Structure formats: structure tokens, C-alpha cells
Amino acid sequence: MFRLPVRRLSFFSLLVGAIFGCFLNLLVQESLQQLFLNDNLVPASEVDQETESSVQQGAEAYEKDVTVRIREEEDVKRNNEKGLYDKVRVLCWIMTSPENHETKALAVKETWGKRCNVLLFMSSEADTKLPTVQLDVEEGRNRLWGKTREAFRYAWDRYQDEVDWFFKADDDTYVVVENLRYFLSAFKTSEPFWFGHKYKTNVTAGFFSGGAGYALSKEATRRFVKDGYFNPLLCRRDHEGAEDVEMGKCMENLNVSAMDTRDSKGRGRFFPFQPDRFYFSRKITDYWYWKFIYYPPIMGPDCCSDSAISFHYIDPKMMRLLDFFFYQIRPFGIVDQRPAMPEPPPDSNLTAVPWFAPNDTLVIAGIPISKPNQTEVDITFADDAQKTINRSSDYSRYQIHSGTADQRPSILKLEEPIPLLTTRRTNMETSFISKTTVGHVTIKTSAKRFDPEEDSAVMEVKSKNDLISRRRNFPRMITTRTRQPTEATKFSKENIGL
């Protein structure tokens, strides 16, 4: 029997043992690894579900973050609005009449009126539904000044400690109250200011359109009630007269500043007509509005400030529609970029010379303007021209006159002498045409070159009905200036253009 040497046998046993040990070690490791893998193994479908779930959780987290940021921005805006609501306290009083209580006045109450700190409806009859304040003033356009006097006095006596600003509007005026507060926040209510859509006629410093609405500071209101109400030398004491013109004269006598309410780009905030009249209009014509406005107009898409405040001649249906668009439709992602306080207007120091409609072709705010003539009609204002005859528009209630008063007796006897147009005088080499209706009479004057030293006005008064019967058009006052008339030509129809 063959036998290996002891030394070789030991080496062979060692080699076999090493191989067996390595194999055993690998077997143990594989068994342990298999054991652990079986415990933690996840099917492929579950892996996909986990991935989708993670993506969904990430999207939800992102949306939640966006929502939180939007809510934070809305909270900041809401806090700012609430801050202005408490900081800029506005009393709104509405000029209305019994026939409008359930229509126009109700629309104001259900829309923008509820955003005022105090809302009052001034009428000649009591109505518990609105409710109204019954003033002891007769209804009628010629009584609006009386209603205005009594309304401001009523509001001041009862709410002077509760509000900072007193805002007057008609029952067909739509107001964005938040923009009103935003605009007024730049001014001190302790200063004598008033604000609105500025006209240059009748009052040297200008006055504000009653239809567009106007706001008085607390100090301006105090002066009106305490100093002007009982003083006929400062403010007209009876109830008759054009409301906004009389208020302008009163404010001027009380040293209350008629401020520029445009934004820093010269765009308007208060408007005496519907917004489409300014957005779509391109032409400056003989229509009365162009003769009245104090500052150069901007028409077209850039007509109105992004913080516009008011529009006039808004019927109840349109009022509710505007409120729907302003407050219920909210474009996503649009953030208010306006500064915390409005920038000053171009004429913040009230040094601008009143603007006059041009006689020659030129460009205003990028719009070519042609020389106006009597037959030219602005398509966007043509409807209002005819309505003026039927409803006695703003223009017909202003007593507009130019130049030096003529002391000669007129054909029709008037209770009072016709007041003058007190616009700032400028020597104009060009001629101009203006027309108006005063109460129930139409005044026509003619004049060419304006020379305060050499020229005087020649006037004749004719009945309004006679003018309308001869010409179915918007009544205007035609003004032509001539040299000093002689005795032979004082009332010559040839010299007054009839």
C-alpha cells in the first residue's frame, strides 16, 4: 500500500482545508445575503407607485407653497386696504331724488356705496329702504345748489368726528372707493383741499364737475359750513344756481385749493362721462367739453389712470356690471405694482396755465388735432349733444360769458346780471367760437381778436325754444369780438352774426 510522506500529507490536508473553508465562507455569505434581500425586496410596480407618489407630493408641496405666497400677498394687500379703510375715512353722500330711489340710488347702495365708511342719500323725501336724509329743499336742477349746501351741513354736523373726507356724487356716478382712498392718502385732511374733474370756466382757480364727483378735506368742509354757509359774500345763500359752479366760487372765496387730480403721467382720475367716451374718442371739436377742461386731454387707451376713481352717466345696469368686473373677476397672477403712495401729478403746485382747444392742426398726446368748425361733430359725443336739449345737460346749466360785461339792457329781462367767464386772459391772435344756453335763454355774442383794452362784447338774448326750432342741433353760444360799437351798430344783427 502506497503511503505519502507525513510532510506531504500535512501540506495536502492544509490545501483541502483552505479550499473547503473558502467554499463554506462563500456559501454562508450568499445565504445571509439572500436572507436579507428576501426581507427587503420591493416589487417593480411598488417602486413605480412610490416614485409617482413622491412626484405628486412634490407637486402638492409646490402648489401649497405658491398658494401660501399668494395668500400672503393677498393678506398684505387686504391689510393695506383695511389700513386705508381705517386711515382714510370717507363719507359719501349721494345726490338723488324720489323717482330714483328704487333704481339709481339702490344700485349705488348695492355696489360701490357699501365701501364708504359712511353712506348718505340726500333727497327731498324720506325713504326707509335706502334710507334717505330728507332735506327741506325742492327738487329740480336749479335747486341742486341748495341741496348741496344742506347736505354738507348735515354731514358735517353729525359726522365731523367720524370721517376725514367728505365726498359728493350723483346717483348715476360709479366710484372705485379704494382708488379714492389711495389717492387721498397722499394729502392731509387738515389742509384746505378739494378734488375732482377740473373745469376752467366761471371760476378763476377752476371748479370741479358735479357729475364726476368731488371730495372735500375736513378743513375745506369746516370752512364751508362754519365760514361760508351763513356768509353771502363768500357763498351763495339761496338754493338756486349751478351746484358745482357755485361750489367752485365758494371754495375760491374760502381759499380752498382746487387740486390737480391727474396721475404722474397726466392721465385723469375723475371723469364726467362714461369710460368709452374717452377710450374711443380721437377728435377735439366744438363740443362744450373741450372748452371747459382745465388740463390738456389724453384720449384713447391711455386716457385713464390705472387708479381711476369715477365715471358719470352710469345707469344701474352698467353700474352693477362694472362692479362685477372690478370685484368678482380676478386675473390670476396679477400683482399690484403701484407704489404705496401715489406719485404727485404734473400740476401739484397749481401753476399750470389753463389749456385751450387749438385752432390749427397739431398733435396732442400723439393724436393729430384738426381745426374745429361749426359743422364738425365728434362721433363719440354726438349722442350727448342731442340729449343735452332734452335733459338739460351739465353745459346748459353753466352761465358762460367772455370778456367785459355789457351794461346795455338785453332783449329779455333777467333777474340777475349775467356773470362773466373768469378764465385767465391771454391775447390770442386767432378767433374762437363758443356757444351756451343759460337757463331758458340762449346767449349769442360775436368776437374776433381778443384785446381787453380795445374790444368789447355785443350780446343779444334769444329764447331757447326759438333756437331749437330753427336748428335741431346742440345749442351753443357763438362768441365774436368786435371793436367798440357805435350807437348805430349797438344792436345790429349784422354785427352779432344772426
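Tell me, please, whether a residue that is at pLDDT 95 or above, among the acidic types (Asp, Glu) and either under 17 Å from MET251 (Cα atoms) or not assigned by TED's automatic domain parsing to the domain that holds CYS92 (or both) can be found in region 157-167.
We begin by selecting, within region 157-167, every residue at pLDDT 95 or above; these are 157-167.
Remaining after also requiring among the acidic types (Asp, Glu): 157, 161-162, 164.
Of the ones still in play, those that are also either under 17 Å from MET251 (Cα atoms) or not assigned by TED's automatic domain parsing to the domain that holds CYS92 (or both) are none.
No, there is no match, as no residue in region 157-167 is at pLDDT 95 or above, among the acidic types (Asp, Glu) and either under 17 Å from MET251 (Cα atoms) or not assigned by TED's automatic domain parsing to the domain that holds CYS92 (or both).
Would you mind telling me which numbered condition in (1) within 17 Å of GLY268 (Cβ to Cβ); (2) among the hydroxyl-bearing types (Ser, Thr, Tyr); (3) modelled with pLDDT of 85 or more TYR327 fails?
Checking TYR327 against (1) within 17 Å of GLY268 (Cβ to Cβ); (2) among the hydroxyl-bearing types (Ser, Thr, Tyr); (3) modelled with pLDDT of 85 or more, the one that fails is (1).
Restricting to region 312-358, and then to whatever is among the aromatic types (Phe, Trp, Tyr) and assigned to a loop (DSSP other than H, G, I, E, B), can you tell me which residue is farthest from LYS168 (Cα to Cα)?
The selected residue is PHE332.
Taking the condition of a type outside the set (Val, Ile, Thr) and more than 30 Å from LEU322 (Cα to Cα), does ARG262 pass?
So ARG262 fails the test.
Can you name the residue in region 59-106 that is at pLDDT 60 or above and hydroxyl-bearing (Ser, Thr, Tyr) and, of all such residues, is nearest to the chain's Cα centre (by Cα)?
Restricting to residues being at pLDDT 60 or above and hydroxyl-bearing (Ser, Thr, Tyr), the top hit is TYR85.
Being part of a helix (DSSP H, G or I) and in contact with a helix residue (DSSP H, G or I) (Cβ under 7 Å, 6 or more places away or on another chain), is that true of even one residue in region 258-265?
Kept after step one, since they are part of a helix (DSSP H, G or I), are these residues of region 258-265: none.
Scanning region 258-265, I find no residue that is part of a helix (DSSP H, G or I) and in contact with a helix residue (DSSP H, G or I) (Cβ under 7 Å, 6 or more places away or on another chain), so the answer is no.
Any residue at all in region 178-191 that is under 22 Å from PRO131 (Cα atoms), in contact with a strand residue (DSSP E or B) (Cβ under 8 Å, 6 or more places away or on another chain) and of a type in the set (Asp, Glu)?
no
Taking only pairs six or more apart or across chains, which ones have beta-carbon atoms under 8 Å, a first residue in region 239-257 that is touching a residue at least 40 places away in the same chain (Cβ under 8 Å) and over 23 Å from THR351 (Cβ atoms), and a second residue that is in a loop (DSSP other than H, G, I, E, B) and hydrophobic (A, V, I, L, M, F, W, C)?
HIS239/VAL137; VAL245/VAL203; GLU246/CYS235
Which of the residues that make up region 180-215 are of a type in the set (A, V, I, L, M), in contact with a helix residue (DSSP H, G or I) (Cβ under 8 Å, 6 or more places away or on another chain) and closer than 18 Å to PRO272 by Cβ?
VAL203, ALA215
So, of the residues in region 153-169 that are buried (at least 23 other Cβ atoms within 10 Å of the Cβ) and under 18 Å from SER123 (Cα atoms), which turns out to be farthest from the chain's Cα centre (by Cα)? Working first, answer last.
First pass over region 153-169, keeping only residues buried (at least 23 other Cβ atoms within 10 Å of the Cβ): 155, 165-169.
Of the ones still in play, those that are also under 18 Å from SER123 (Cα atoms) are 155, 166-169.
Numbers: ALA155: 23, PHE166: 16, PHE167: 13, LYS168: 13, ALA169: 12 Å.
For region 153-169, the residue satisfying everything is ALA155.
Taking into account only those residues within region 187-238 that are in a loop (DSSP other than H, G, I, E, B) and in contact with a Cys (Cβ under 8 Å, 6 or more places away or on another chain), which is surrounded by the most Cβ atoms within 10 Å (Cβ to Cβ)?
That would be CYS235.
Quick check on this structure: which one of PHE273, PHE292, PHE311, PHE326 is touching a residue at least 40 places away in the same chain (Cβ under 8 Å), farther than 23 Å from LYS200 by Cβ and either not assigned by TED's automatic domain parsing to the domain that holds PHE208 or not acidic (Asp, Glu) (or both)?
Going through PHE273, PHE292, PHE311, PHE326 in turn, just one is touching a residue at least 40 places away in the same chain (Cβ under 8 Å), farther than 23 Å from LYS200 by Cβ and either not assigned by TED's automatic domain parsing to the domain that holds PHE208 or not acidic (Asp, Glu) (or both): PHE326.
Among the residues of region 298-311, is there at least one that is over 17 Å from the mean Cα position of the chain (by Cα) and part of a helix (DSSP H, G or I)?
No.
The values are calculated or read from the model by the stated rules, or taken from the named source; none is laboratory data. Since the structure is predicted, the reported quantities are computational estimates derived from the model, not experimental observations. Glycine gets a Cβ as well: all are built from the backbone with ideal geometry, and neighbour counts include every protein chain shown.
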